[in-house]
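The values are calculated or read from the model by the stated rules, or taken from the named source; none is laboratory data. Remember, predicted model here, so these are calculated numbers, not experimental data. Cβ coordinates were reconstructed from backbone atoms using ideal geometry, including for glycine residues, and neighbour counts include every protein chain displayed. Protein only, heavy atoms only, side chains kept; ligands, DNA and RNA dropped before computing areas. Shrake-Rupley method; radii C 1.70, N 1.55, O 1.52, S 1.80 Å.
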Amino acid sequence: MRPYLRSLAGGAALAALPIIIGVLIMLFASGSQVRVTNIFFINLIVVLGLQVTMGNSNVANLGHISFMGIGAYVAGILAIPIAIKSTILPDAPFGLSVVEYGPFAATLVAVAVTTAIAFVTGLVITRQSGIAATIVTLAWLVIVHVVFVNWMDLTRGPRALYGIPLSTNIVWLMFIAAAVVIAARVFRDSKSGVQLRASSEDLHAAAAMGVNVRWLRLWAWVFSGAIIGLGGVMYAFLIGSMSPKSFYFETTFLTLAMLILGGMRSVSGAVIGAIMVTVGFEFMRFIEGAPEILGVQLPQIFGLTGFFLGGTIVVVLALRPDGLVGNEELDEMIERRIARRRMRARVAADG
Amino acid sequence: MEYVVQQALNALSIGGEYALLALGLAIVFSVMGLVNFAHGEFITISGYTMYALFIFAAPTSAWGLLPIGILASITAAVVFERLAFRPIRNAPATTGLLTAFGLSIIVKNFFVTVVATRSKAVPTPEFFTEMITIGTINIQVLQILEGAVTGVALMLLLILLRHTNIGLAMRAASTDFNTVRLMGIRANQVVLAAFAISGFLAGLAAIFIIARRGAADPFMGFAPVLKAFVAAVLGGFGSLAGAVVGGFALGIAEVVFQVVLPESIAGYRDAFVFLFVGGLLILRPQGIFGQSAQFGDKEG
Amino acid sequence: MLSVDLLSVSYGAIRAVREVSLRVEEGEIVALLGPNGAGKTSLISAVIGLVPVASGKVMLGDVDITRKKPEDIVRLGVTMTPEGRHIFGDLTVDENLRLGAAVRKDKAGVKKDLDELLAMFPILQERYNSRAQTLSGGEQQQLAIVRAMMSRPKLLMLDEPSLGLAPQLVEQIFQLISTLRDRGVTLLVVEQNAHEALLFADRAYVLSTGQIRFEGAAGELAGSEDLMAHYLGIGAETGAPDAADAAKV
């Protein structure tokens, strides 16, 4: 089979997972479970976006949630009806107070803006390597947060921005998540993805082969920014309101924990990790006995869930540093098992 | 004139605090390639230990709390190393960084659950907040102390690094840990010393941070350590001299932006400071003191 | 003094050293020869504890040191200068040498050894307060050897002491090495430069693709062109072959 077809097939098989989950939830689950699943899909999109850059280049990225925030705020501000805007954002700059976009147009513009910002920041961040790069991503998260909190006219500052028309639902989210699974997988197996992964293991060898590591990392960073921006847009259209706090460290840690638990080196790992952490989180919450909860977001009063998150990261890294799935995609793993079994059978037959 | 001196002292004391923290980060990083994101938790643990002592032992003077606060920070550093970082000592840098993140979350949540999310008052000696008048200039004792203590701590560290075997070993380990072991020096001792020093420096910084805030809360360690990270990167991550220079440079940059930025956009100070650092790093990606052409070094 | 029994070293699926046995008696100079990638460095790194032993046994006298940490083995009187010198470049010559003696408690003895060794290696005396990375290749090699001697080892393992040195320096280094024996040190010298090494060694082992191919008196090997050609691929004029570097990690 041609490589990209194989990768497409592998991605499609994996993409079936969110579809199956979505369909089962729609058929059998209660309203609160649907809400949990919706948030799960958004987190999954963000985790996949994170996997694209962090998993392939192996540089820890702590600034990804900034793109979720940018996507969400841009889409939200564009989509809020003019009538509401005149009360909550009367002084919006760029004449935004008299602009009202439909969900599609808002999504397109928001993803485009996020991508452009990702490109500009990527130019800086990809000049750094290793740990310095990680810390620059963290500085970026803080910069964006500071802007969200202080640009009162545009974002309402620390207060909630509300009134965004609810324009998405579980069906949309399910299909978008599935599409992003395939996209992340195809990127991983693409020439750029393979070169990037090779360079993360041996930078000098990769450079010697004529691979422009910086360019590859920039490309992954921008693609990741676009995906995460889309995740942010979906958040805006699902919840209908947001505040800067929604896009800061709590969400950063949550999505990171998902990726680490599953294994950041593979797309399968990102999917499995998102599922496991969501399930674990809900279970912890059940044990905590906290009555009224929405979604996967960290509750105001941590407790078991906070320990669960931190503990998951520490224990998984100590015992299984590559995460549950490891370096290979699930389909590759299964294929290899089958191939080995066949080989053994053949050897046995020959002998 | 008075205003300038006042602001210069401000820059010096803030810079000193960042330098202490950045130096702790840099020592651990240079010895074992670990980016300790849980460094801020040393400050938090220090704060809550002082709080607990204040509540349960009810000392008559706040002076007694200070050594305990420092001791708590050192202990925390050593315990973290033993329990969480030793198992992953030879893992890629990214693994260490993320483990530290996990630890940080656990510690924060511990205090949220066991104590409270709200801050708790921690007393420090009143002497700290007294004012000294020199000529026409009023200076807070705390500011002088911060500068002086930072200076003394740096001096002690320099002596340690130059004139003791463990200090020499730590410097040597930053380039070649295996060969240090071939000198018969125990790897665990070198790492332990690095963590203990890092904890000690964080403990000093913690005292000043608590003296300024007058309280401890579960998230208090985060903001200063974030700045310390930026300072360390600015100086060239892993370079000890760079950490100190980066710390003071960041302190100066903060005060300058504070003074220069008009009231209306003062809230953006941190954004400007970080953008400024980002700009510097475009010109000099390896930081002020970092070695160039090390693309990929210490990378997972 | 040192006896290695059926020692194997693996890096993942690659077996760098396969069931190697060798012996070094007190007071000897033993050469461990072989092409690049033969597993020589892996072998002595395993002896000193820097890389894990997959199977086999390493004895120092009556003490089993098979899975001990390098720092503990050094404290028992074995040390090694790693390939490529590995001096501490940011530290001065003085500081490098102080680290070399870090495990010793007898200050007077350290001072005496330092004076004697500096007399033997006068260039280090001249550069005593320079940063080590400013030294030339030959000076760095001398520093690495003296640093190792400062721990007063019973057994010193040198990994490719002639690597990257000009030919006249190579001879000088080997001459210095042979004088170390007079200080009561037993030496195991890993080399690709077989001709030079055999001039000073008592006995030699030849390692290739992780296995011992020859062992015997140094003179026997050096004296026989057949043996040299067969085991080391050395003809009258050709140098060591560039074998694949696969096993070296």
- prompt: Quick check: is even one residue across the range A:162-171 assigned to a helix (DSSP H, G or I) and within 28 Å of residue A:34 (Cβ to Cβ)?
  reply: yes
Qualifying residues in the range B:64-111 (those that are farther than 30 Å from residue A:51 by Cβ and of a type in the set (Ser, Thr, Tyr)) - the one surrounded by the most Cβ atoms within 10 Å (Cβ to Cβ): B:73
- request: State whether one or more residues within the range C:196-216 are surrounded by fewer than 22 Cβ atoms within 10 Å (Cβ to Cβ), in contact with a helix residue (DSSP H, G or I) (Cβ under 7 Å, 6 or more places away or on another chain) and at pLDDT 90 or above.
  value: yes
Residue C:95 vs. criteria within 12 Å of another protein chain (Cβ to nearest Cβ) and assigned to a helix (DSSP H, G or I): yes
task: Kindly check whether there is at least one residue in the range A:285-307 that is at pLDDT 80 or above and under 20 Å from the mean Cα position of the chain (by Cα).
output: no
- request: Considering each residue of the range A:123-144, count those that are open to solvent by 30 Å² or more (accessible area, probe 1.4 Å) and either over 26 Å from residue B:26 (Cβ atoms) or more than 7 Å from chain B (Cβ to nearest Cβ) (or both), and give that number.
  value: 2
message: So residue B:288 passes all but one of these: (1) hydrophobic (A, V, I, L, M, F, W, C); (2) crowded, with 21+ Cβ neighbours inside 10 Å; (3) outside any helix (DSSP H, G or I). Which condition number does it fail?
response: (2)
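The rows are residues; the columns are (1) within 26 Å of residue B:100 (Cα to Cα); (2) surrounded by 24 or more Cβ atoms within 10 Å (Cβ to Cβ); (3) at pLDDT 85 or above.
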site: A:38; (1), (2), (3): no, yes, yes
site: A:49; (1), (2), (3): yes, yes, yes
site: A:54; (1), (2), (3): yes, yes, yes
site: A:66; (1), (2), (3): yes, yes, yes
site: A:70; (1), (2), (3): no, yes, yes
site: A:79; (1), (2), (3): no, yes, yes
site: A:83; (1), (2), (3): no, no, no
message: Tally up the residues in the range B:14-57 that are in a helix (DSSP H, G or I), among the polar types (S, T, N, Q) and touching a Phe, Trp or Tyr at 6+ places or on another chain (Cβ under 8 Å), please.
response: 1
- prompt: Yes or no: residue C:50 within 27 Å of residue C:228 (Cβ to Cβ) and in contact with a strand residue (DSSP E or B) (Cβ under 9 Å, 6 or more places away or on another chain)?
  reply: no
- request: Considering every residue within the range A:99-109, establish whether at least one is of a type in the set (Phe, Trp, Tyr), part of a helix (DSSP H, G or I) and either under 21 Å from the mean Cα position of the chain (by Cα) or closer than 19 Å to residue A:166 by Cβ (or both).
  value: yes
- request: Check every one of the helices (runs of 4 or more DSSP H) wholly within the range B:88-205 and list those with 1 or more residues that are in contact (Cβ under 8 Å) with a residue 40 or more places away in the chain, over 22 Å from residue B:39 (Cα atoms) and away from chain A (no Cβ under 14 Å).
  value: B:141-163, B:177-181
- request: Go through the range C:154-170 residue by residue and tally those that are open to solvent by less than 10 Å² (accessible area, probe 1.4 Å) and within 14 Å of chain B (Cβ to nearest Cβ).
  value: 5
message: For the structure I just gave you, tell me whether residue B:77 is of a type in the set (A, V, I, L, M) and without any contact (Cβ under 8 Å) to a residue 60 or more places away in the chain.
response: no
field: Cβ-Cβ under 8 Å pairs, at least 6 apart or on other chains, the range B:241-268 side free of Cβ contacts under 8 Å to residues at least 12 places away in the same chain, far side outside any helix (DSSP H, G or I) and open to solvent by less than 50 Å² (accessible area, probe 1.4 Å)
entry: B:268/B:261
statement: Of (1) in contact (Cβ under 8 Å) with a residue 60 or more places away in the chain; (2) over 18 Å from residue C:153 (Cα atoms), residue C:122 satisfies every one except (1)
message: Criterion first (within 14 Å of chain B (Cβ to nearest Cβ), open to solvent by 20 Å² or more (accessible area, probe 1.4 Å) and under 30 Å from residue B:286 (Cβ atoms)) does residue A:120 satisfy it?
response: yes
